[in-house]
1. Tell me yes or no: at least one residue of the stretch 62-80 is outside any helix (DSSP H, G or I) and either surrounded by fewer than 19 Cβ atoms within 10 Å (Cβ to Cβ) or not small (Gly, Ala, Ser) (or both).
2. Quick check, is Leu87 under 16 Å from the mean Cα position of the chain (by Cα) and either polar (S, T, N, Q) or surrounded by 17 or more Cβ atoms within 10 Å (Cβ to Cβ) (or both)?
3. State whether one or more residues within the stretch 115-126 are of a type in the set (Lys, Arg) and open to solvent by less than 60 Å² (accessible area, probe 1.4 Å).
4. Restricting to the stretch 24-61, name every residue that is open to solvent by 60 Å² or more (accessible area, probe 1.4 Å), more than 21 Å from Gly2 (Cα to Cα) and either part of a helix (DSSP H, G or I) or of a type in the set (D, E, K, R) (or both).
5. If you scan the stretch 38-53, which residues turn out to be over 13 Å from the mean Cα position of the chain (by Cα) and without any contact (Cβ under 8 Å) to a residue 12 or more places away in the chain?
6. Which residues, taken from the stretch 6-33, are of a type outside the set (Ser, Thr, Tyr) and without any contact (Cβ under 8 Å) to a residue 12 or more places away in the chain?
7. Please identify the pairs in which a residue from the stretch 164-179 that is over 19 Å from Leu87 (Cα atoms) has its Cβ atom under 7 Å from the Cβ atom of a residue that is in a helix (DSSP H, G or I) and open to solvent by less than 30 Å² (accessible area, probe 1.4 Å), counting only partners at least 6 apart or on another chain.
Amino acid sequence: MGFHVFLYVPNVIGYIRILLVLISWILYNYPENFLPLYVLSIILDGVDGWAARRLQQTSRFGAWLDVVIDNVGRGMLWNMLYDWGWLVSSVEWCVFVCNHNARGAQWKNTFTESPVWVQAVMAKGFKTPLGILTIAGLHVLPVWLYGYQHEVLSQAFYAPNWLQILGILVLAAGRLLGFAVETWCIVTHLKFLSLDEKEEKEN
């Protein structure tokens with residue numbers, strides 16, 4: 001990999017996302033600043049993938065950077081929201097290590113031998129009903145919870161309390177579905193490691 005990869009357009013977008021996450025963290029207690037900056041970083045998460053395909057600038061570094069920024073951003077938010085938020089972040093980092101260690105940059109496309117329900121979530125790059133629900137739970141749930149805690153949903157968007165709770169329940173269902181897939185990924189990786197150790201002993 002040449003150094004020019006670091007200057008690929010999607011990777012430059014990634015650096016901008018890192019900056020947005022850092023500024024968001026600093027402005028966490030100011031919803032009028034935090035939300036636009038953090039949500040922009042999420043939107044750019046879709047833009048960098050589109051740019052990579054459009055400009056034919058896909059790379060292993062880019063695939064790695066994309067997930068790292070996602071985890072840093074969500075990890076920051078979960079940790080700021082709740083004392084136990086580090087648990088959610090830890091699971092996401094563990095899955096990242098498992099998938100990228102064994103599957104590399106093409107991890108999204110290597111679930112053909114997984115259970116049907118996992119394939120249903122992962123199919124077409126999460127562009128299925130279950131996939132969309134899972135991604136919403138992954139990305140939108142912590143933002144929604146932030147809006148609920150800081151009364152942004154009620155004051156800025158005039159959302160009634162029942163709608164806010166309903167949103168939490170639906171998004172939490174998506175996050176639990178994601179957690180089920182994450183658990184499957186971790187267990188699968190542990191099996192891979194145990195098989196690898198057995199092969200080493202046999203040789």
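1. No - not one qualifying residue is present in the stretch 62-80.
2. no
3. no
4. Of everything in the stretch 24-61, those that are open to solvent by 60 Å² or more (accessible area, probe 1.4 Å), more than 21 Å from Gly2 (Cα to Cα) and either part of a helix (DSSP H, G or I) or of a type in the set (D, E, K, R) (or both) turn out to be Trp25, Ile26, Glu32, Asn33, Pro36, Leu40, Ile43, Trp50.
5. Matches in the stretch 38-53: Trp50, Arg53.
6. Leu7, Val12, Leu19, Leu22, Ile26, Leu27, Asn29, Glu32, Asn33
7. Gln164/Leu153
The values are calculated or read from the model by the stated rules, or taken from the named source; none is laboratory data. Bear in mind the structure is a predicted one, so any value in this text is a computation, not a measurement. In this analysis, Cβ positions are derived from the backbone assuming ideal geometry, glycine residues included, and neighbour counts consider all displayed protein chains. Note: accessible area is taken over every heavy atom of the protein model, side chains too, but ligands, DNA and RNA are not part of it. Shrake-Rupley method; radii C 1.70, N 1.55, O 1.52, S 1.80 Å.
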